[in-house]
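This report concerns only the one structure given below.
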Amino acid sequence: MPSVCVFGAGAIGGLIAARLEAAGTRVAVVARGPHLAAMRERGLVLLSGGERIATHPMLAEEPASLGPQDYLVLTLKAHSLAPALSSLRPLIGPATTIVAAVNGIPWWYCYGLPAPFTDRRVRSVDPEGLLWDALAPAQTIGCIIYPAAEVVEPGVVAHSYGDRLSLGEPDGSASERVRRFSQLLIAAGFKAPVRPRLRDEIWVKLWGNMVFNPLSVLTGATLDVITTDPDTLPTVRAMMLEGQAVAEGLGVRLAIDVDRRIAGAAEVGRHRTSMLQDFERGRSLEIEALLGAVAELGEWVDRPTPLCRAVLGLVRQRVRVRDEG
């Protein structure tokens, strides 16, 4: 049985760790503070489908005590990766597969792409190339997160909906390592398809997040309002069309059109985006991976993104005003 370490055992990381552990996979969780103390006392508790499941993964405050892992699952927000690199290094050996379960454009995005994008660094996500150097793209597989969950109290994760975790190699191959991890997730109750064109799916999810998340910070509105109100809908659609042009310039094939993507988001209902929740709690926002990267990639392919850039600037200022107040 391969060893799996979940680093970033908040809502999604806790969900993955609890499900894997309950299914018999050997799982280690890196955590600190009240969350770690609660798990040591009562286990990692998962509330899902009307059930309360207490699991008991291996717990560690210092990653060095665990050593290199077969699979290292990163469920941190994109902007939290660089500060965590010193803690991540002891978990990575030559045979470790890094599972990048992060939102937005990932640091490995250009690994192996055709010219002129081959192995380019996305500055918005990895401004100094630290992630590329420390989290080798050759050892990395992508993972797109669809479930919704939240930490309702230290050590307790409530799962509300969704069970799909799409996986993919940067080169699109169905490698042994990605198929093996897919099998572990499937045994744990997830749908875990291995996608030959994972970047296409990254963009379908990003297409919404790059618009709905920042607009929620600026308006305070829930998803149903942002996607239907006549005061915000034109902005939503125009930003998404800018994003579509960038994606297609990079060779991405979007499986749905803009109106279907908006309608799908509207069906979620009165949902407060994670970025709005982070903003209200005084936390850093993953705005660069979700929107800053889109504007940067637009320059690469000569697709203007004036509205996206305007909204990006407004959100950056909103955060500065919050933090200075």
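Count of segment 203-235 residues, restricted to those that are among the β-branched types (Val, Ile, Thr), surrounded by 16 or more Cβ atoms within 10 Å (Cβ to Cβ), part of a helix (DSSP H, G or I) and over 21 Å from the mean Cα position of the chain (by Cα), is 3.
Restricting attention to segment 145-158, the residues that are surrounded by fewer than 22 Cβ atoms within 10 Å (Cβ to Cβ) and either among the β-branched types (Val, Ile, Thr) or in a strand (DSSP E or B) (or both) add up to 8. Every listed requirement among (1) in a helix (DSSP H, G or I); (2) more than 20 Å from the chain's Cα centre (by Cα); (3) at pLDDT 95 or above is met by Val294 save one, (2).
Residues in segment 238-271 that are in a loop (DSSP other than H, G, I, E, B) and either on the phi < 0 side of the Ramachandran plot or surrounded by 17 or more Cβ atoms within 10 Å (Cβ to Cβ) (or both): Leu250, Val252, Arg253, Leu254, Ala255, Ile256, Asp257, Glu267, Val268, Arg270, His271.
Might you let me know whether segment 304-313 holds any residue that is not in a helix (DSSP H, G or I) and not small (Gly, Ala, Ser)? Among the residues of segment 304-313, at least one is not in a helix (DSSP H, G or I) and not small (Gly, Ala, Ser), which makes the answer yes. Is it fair to say Glu299 is in contact with a His (Cβ under 6 Å, 6 or more places away or on another chain), closer than 22 Å to His79 by Cα and either modelled with pLDDT of 95 or more or buried (at least 19 other Cβ atoms within 10 Å of the Cβ) (or both)? Criteria not met by Glu299. Looking across segment 179-202, the residues that are assigned to a helix (DSSP H, G or I) and either touching a Ser or Thr at 6+ places or on another chain (Cβ under 6 Å) or touching a residue at least 60 places away in the same chain (Cβ under 8 Å) (or both) come down to Arg180, Phe181, Leu184, Leu185, Ala187, Arg199, Glu201, Ile202.
The values are calculated or read from the model by the stated rules, or taken from the named source; none is laboratory data. Owing to the predicted nature of the structure, the values given are computational and were not obtained by experimental measurement. Here the Cβ is made from the backbone with ideal geometry for all residues, glycine too, and neighbour counts use every protein chain on show.
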